[in-house]
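The values are calculated or read from the model by the stated rules, or taken from the named source; none is laboratory data. This is a predicted model, so every value here is computed, not measured. As a convention, Cβ positions derive from the backbone with ideal geometry for all residues, glycine included, and neighbour counts pool all protein chains shown.
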Amino acid sequence: MIAYEDLKKVNENFTGLFQKQLIAFLDKGWYVLGEEVKRFENQFAEYNSSPYCVGVANGLDALILGLKVFDFKVGSEVLVPSNTYIATILSILNCGLKPVLVEPTLEDYLIDVNKIEGLINKKTVAIMPVHLYGKSCNMSAIMKLADEYGLKVIEDCAQAHGAEFDGKKVGTFGDVGAFSFYPTKNLGAIGDAGAILLKDITLFEKIKALRNYGSEKKYYNKYQGLNSRLDEIQALFLNIKLPYLDSINLHKQNIAKIYDKYLNNKFIIKPKTNEFLHQNVFHIYPVRTQYRNKLKLYLSEKGVNTEVHYPIPPHQQEGYRQVLKGNYPISELLHKNLLSLPISYINTEDDILKICRIINSFSI
C-alpha cells in the first residue's frame, strides 16, 4: 500500500534529536514563551526575510489575530476565495467581519484577481488571499489593488511554507502573513502550532500582546486578547525541522515533476504552474477529473491511498449556509472534481512512477 501520508515516517529523522533536546528543555523548567519560541520566531523570520515573527497556538489563531490587530469595524467586508479551507472563513466571522467570496480560476484554483475589483465597496477593508495547495497567488496584482483602494492584505500561507512569487516568499507581501504548522504541513509540528509574519513594529508589538491575553506587561491588559501562545515543545520541534524545510519542499517538487512528465490519462487535468513567477512547494498535488470518486476507488483497489481536499465548499457547509449566500459554480466544480495524489516526504520516485502507471491505465 502506498500511503498518502505517514507522519511517523516523515518525522523519524528528527525524533532522536528532539528526544535529546526535550530532556534539556525539561531541566530548564521554563515551559511558556521561553527560549525555544524566541528562537523559532527569529529563525522563521530570517528564513522568510521578514522583519518580525510572532508564534501563536495554531493557524486559525494566526488568521484571527492577523485581522484583530487592525480593529476593523464590525460588519466590515473581507474578500476571500470561495474554495478555501473553512478556517479562513471562520477567522473572518470570529472577528465580527463579513466574508465576501471571490471565485477562483480554473487555471490554477487560486483567487481570480480579475474578479476582486468588482466586489470592492465602501465596506471592504481587506483582501485575504490563500496560497492554496502550496502555490502562491498573483501577489503583484493583489497588492496593486490593495494599494489603490487602501485595503489591508492578510495572506493565508497555511499550505505554502517557503513558496515564492517572483522570487519573494509568501507571507511577506501583505501586512500580515499567517502560517499553520499542523503536522501534515510541509513544515509540520507534532501538534497544533502557528506563526505570523509582519513588517510593521507597531503591529508586531500589538500582536505579541494580543496572543497573551492582550498583555504587554504581566497582569496589565491593554487589549482584549486571546490565549494563543506557540507552545515551547512545538517550537523546539520546529527549530529542529526548519533547517530541512527546503529539502522537504525540493523532494515534493521533484515528485510533482514526475507526475507532470508521466501522467497522461485523458480523463485527468494536472495542476499548472508558471515556474517563472511561482515556486510551488506542492503541499498538495491536486488532479481534476469528473470521475473523481471512481478514480479514488480504483486507486484504493490498486493499493494507493488518496485524499479529497475538500469535499464540500464553504458556502454549502451546514454551519455557514446562512452567512455565505450566493452561487459559486467554479468552487463547486473544484470541490467535486479535485483529487489529491500522494506527494509526501516519504514517497519515493518508484512510488510515484507506479501511481502514474496505475492512473494511466484507468478508463471509464
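Comparison of G171, G188 shows that the only residue that is out of contact with any helix residue (DSSP H, G or I) (no Cβ under 8 Å at 6 or more places or on another chain) and assigned to a loop (DSSP other than H, G, I, E, B) is G171. With respect to (1) over 27 Å from H283 (Cβ atoms); (2) in contact with a helix residue (DSSP H, G or I) (Cβ under 9 Å, 6 or more places away or on another chain); (3) at pLDDT below 95, the lone exception for E35 is condition (3). Is it true that E155 is within 18 Å of V281 (Cα to Cα) and part of a strand (DSSP E or B)? So E155 passes the test.
Considering segment 225-258, the residues that are under 27 Å from F70 (Cβ atoms) and in contact with a Lys or Arg (Cβ under 9 Å, 6 or more places away or on another chain) include one that is surrounded by the fewest Cβ atoms within 10 Å (Cβ to Cβ), namely N227. Give me the residue from segment 41-66 that is within 15 Å of the chain's Cα centre (by Cα) and farther than 14 Å from F181 by Cβ and, out of that set, surrounded by the most Cβ atoms within 10 Å (Cβ to Cβ). It comes out as G66. Assessment of segment 228-247 against the conditions (over 21 Å from the mean Cα position of the chain (by Cα), over 19 Å from G34 (Cα atoms) and free of Cβ contacts under 8 Å to residues at least 60 places away in the same chain) yields no matching residue. Taken over segment 201-220, the criterion of being more than 22 Å from the chain's Cα centre (by Cα) and assigned to a loop (DSSP other than H, G, I, E, B) is satisfied by Y213, G214, K218, Y219. Tallying residues that are in contact with a strand residue (DSSP E or B) (Cβ under 7 Å, 6 or more places away or on another chain) and among the basic types (K, R) within segment 285-339 yields 3. Filter segment 125-145 down to the residues that are crowded, with 22+ Cβ neighbours inside 10 Å and either modelled with pLDDT under 95 or of a type in the set (G, A, S) (or both) and list them by number. Answer for segment 125-145, where residues must be crowded, with 22+ Cβ neighbours inside 10 Å and either modelled with pLDDT under 95 or of a type in the set (G, A, S) (or both): A126, G134, S136.
Considering each residue of segment 45-64, count those that are part of a helix (DSSP H, G or I) and within 11 Å of G194 (Cα to Cα), and give that number. Within segment 45-64, residues that are part of a helix (DSSP H, G or I) and within 11 Å of G194 (Cα to Cα) number 5. Name every residue in segment 310-330 that is closer than 27 Å to Q253 by Cβ and of a type in the set (S, T, Y), in order of residue number. Listed by number, the list holds a single entry, Y310. The residue pairs whose first member lies in segment 318-344 and is more than 22 Å from V78 (Cα to Cα), whose second member is of a type in the set (G, A, S), and whose beta carbons are closer than 8 Å, counting only pairs six or more residues apart or on different chains, are P342/A3; I343/A256; S344/A3. Within segment 67-95, if we keep just the residues that are hydrophobic (A, V, I, L, M, F, W, C) and in a helix (DSSP H, G or I), the residue that is nearest to the chain's Cα centre (by Cα) turns out to be A87. Among the residues of segment 54-112, those that are among the basic types (K, R) and either touching a helix residue (DSSP H, G or I) at 6+ places or on another chain (Cβ under 8 Å) or outside the structural domain of A189 (by TED's automatic domain parsing) (or both) comprise K68, K98. Beta carbons closer than 9 Å, at least 6 apart along the sequence or on distinct chains, pair a first residue in segment 212-224 that is in contact (Cβ under 8 Å) with a residue 40 or more places away in the chain and closer than 13 Å to L33 by Cα with a second that is small (G, A, S) and outside any strand (DSSP E or B) for N212/G225; N212/S228.
Return the only residue of K38, K9 being under 30 Å from N347 (Cα atoms), of a type in the set (K, R) and surrounded by fewer than 16 Cβ atoms within 10 Å (Cβ to Cβ). Reasoning before the result, please.
Values: K38 fails: under 30 Å from N347 (Cα atoms).
That would be K9, the only listed residue that is under 30 Å from N347 (Cα atoms), of a type in the set (K, R) and surrounded by fewer than 16 Cβ atoms within 10 Å (Cβ to Cβ).
Within segment 338-347, one or more residues are crowded, with 17+ Cβ neighbours inside 10 Å and either assigned by TED's automatic domain parsing to the domain that holds G75 or farther than 24 Å from N11 by Cα (or both). Taking segment 149-191 as the range and being out of contact with any strand residue (DSSP E or B) (no Cβ under 7 Å at 6 or more places or on another chain), of a type in the set (D, E, K, R) and crowded, with 19+ Cβ neighbours inside 10 Å as the test, the residues that pass are K169, K185.
Does D27 satisfy the criteria of being part of a loop (DSSP other than H, G, I, E, B), surrounded by fewer than 19 Cβ atoms within 10 Å (Cβ to Cβ) and free of Cβ contacts under 8 Å to residues at least 40 places away in the same chain?
Details: part of a loop (DSSP other than H, G, I, E, B): no; surrounded by fewer than 19 Cβ atoms within 10 Å (Cβ to Cβ): yes; free of Cβ contacts under 8 Å to residues at least 40 places away in the same chain: yes.
Considered against the rule, which asks whether it is part of a loop (DSSP other than H, G, I, E, B), surrounded by fewer than 19 Cβ atoms within 10 Å (Cβ to Cβ) and free of Cβ contacts under 8 Å to residues at least 40 places away in the same chain, D27 comes out as no.
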